[in-house]
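> The structure's right below; bear with me while I get my questions together.
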Amino acid sequence: MEGATGVGPVDSLVAWSVGAVAVAGLGTLLWRVLRAVLRIADRVDQAWEDWAGSPERPGVPARPGVMHRLGIHDQRLDDHELRITRVETRLPDDTLP
């Protein structure tokens, strides 16, 4: 089969060069996709750790998860509502609006 230039070694060199560039381009594309996937996975991992909390480890204190923190806020609200109810029960009826 006759090549584009008609010179066998030049045609082979061109074919190998095109192949090498294609492989390098594919490798670069795969590397960039892998980096993007790893960044997304890292962000998902951080979001999960914020949601679920993290246990104590050497040099780092434990961090409670979202549900634990919401439970603390609910308890504070319940305590506050209980205090308001107590104040309302102590006030005479004519002082309430």
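> On the accessible surface of segment 2-42, probed at 1.4 Å, how many percent belong to carbon and sulfur atoms?
Its accessible area is 76 percent carbon and sulfur atoms.
> Taking a probe of 1.4 Å, how large is the accessible area per residue of segment 1-71, in Å²?
Per residue, segment 1-71 has an accessible area of 86 Å².
The values are calculated or read from the model by the stated rules, or taken from the named source; none is laboratory data. Here the structure is a predicted model, which is why all the values come from computation and not from measurement. Side chains are part of the model used for accessible areas, which takes the heavy atoms of the whole protein and leaves out ligands, DNA and RNA. Shrake-Rupley method; radii C 1.70, N 1.55, O 1.52, S 1.80 Å.
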